[in-house]
């Protein structure tokens, strides 16, 4: 199963809520996604006219696509219910949150995007996360050595 992850999102943002959204893609984009040729590291979502769009998502051109190939970083529409979009819009306007894609995956034949309502982390929060991760790594290492 193909999954494209945004590992930087959980490091740079505090994810408060997640939603699964469909995404409108062309044929060559789907084929390229199935090959795993996409990058969502720098992408984010915006709401315009009560519709939600994903910006800066890079999907490489399909090698056998010839003249029907797609533009690599075009704006792509996300598919959510109107109530969900309005709820997200209210949270963004009131609290200054942002919407970031966390991963892209396939459910049956359809491409889905897991988007997260996020708040940016401060530098001290990031350093704290790094310390926690290092301590956990050392504890696992000690535990593994004690088992031998």
Rounded to the nearest 0.05, what FRET efficiency do residue 133 and residue 81 give with R0 = 30 Å and r taken as the Cβ-Cβ distance? Could you check? 0.25
Evaluate the relative contact order of the chain (contact order divided by residue number), counting alpha-carbon pairs under 8 angstrom at least 6 apart; express in whole percent. 32
For a quick check: sort 58, 70 by the number of other beta carbons within 10 angstrom, fewest at the front. 58, 70
Between residue 110 and residue 11, Cβ-based FRET efficiency (R0 22 Å, step 0.05) works out to 0.15
For region 1-58 and region 60-98, what is the centre-to-centre distance using only Cα atoms, to the nearest Å? 7
Would you compute, from DSSP H runs of 4+ residues alone, the mean residue ellipticity of the chain at 222 nm, taking -39500 (n - 2.57) per run and dividing by the full residue count, rounded to the nearest 500? -11500 deg cm²/dmol
How big is the Kirkwood radius of the chain, worked out from every pair of different alpha carbons and given in Å to one decimal? 17.1
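No lab work stands behind these numbers, since they all come straight from the coordinates. These figures come from a predicted structure and were not determined experimentally. Cβ: placed from backbone, ideal geometry, glycine included. Neighbour counts: every protein chain shown.
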